[in-house]
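Single-structure report; data block below.
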Amino acid sequence: MPRIAPIAWEDLNDEARQRIEAGVATGMYRMTLPLQIVAHSPNALRGMDEGYKAVFGCSSVGSRTQELMRLRSAQIGACGPCSLSRKDDSLTEADVACLVDPALGTYSSEERLAIMTVDRMANDPEALDEAFLRELAEVFSVEQIVEISWYAGQLIGGHRFMHMLDVLGNSEPVIGATAPARAEAVPV
């Protein structure tokens, strides 16, 4: 059980249930449990959902690059569920394995730089300097640089938040009553 007890599916308010169902239907969400925790704050759930919708399936850098960034952030944040789920069918297990050291993968220069943005955002924000921006500008438009940077920040923060929640933990919740919750996304 996560550190904050999820709201039981039947106790979610209509807006939360509709947002989660819509996200599952599009493939944006593969697991409902984290959202059932975030639903304790309608504002947080709205913000999370709208942030995901802003880029899911409509990224200016493409879904493959976006997915590589998401998976690298999941690795850094030790987010097991996110590390295992795939939202772009073009990725191979070799693609995912090489995320730890992008120089070893067969990534395009755009993909490699996007992965590096996630790494630097998480581990060395001082390296997101003028020289790195110039390097990004060699292959990306300003729109894409802003999107990649914003998305990297969202990913890193989101995965740190999921790590704090210990979504798949097996201890009793620290906050909230134990409630039955769906751990798997199922057709809703």
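No value in this document is a laboratory result; all are computed from the given coordinates. Here the structure is a predicted model, which is why all the values come from computation and not from measurement.
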What is the Å³ per residue value for the convex hull set by the Cα atoms of the chain? 121 Å³
Have a look at the range 125-174 and give its Rg and Dmax from the Cα atoms, expressed in angstrom. 16.3, 50
Using a 10 angstrom cutoff on alpha carbons, build the Gaussian network for the chain and name the most mobile of ASP11, ASP49, ASP88. ASP11
Taking the alpha-carbon centroid of each part, what is the distance from the range 127-154 to the range 54-74 in angstrom? 14 Å
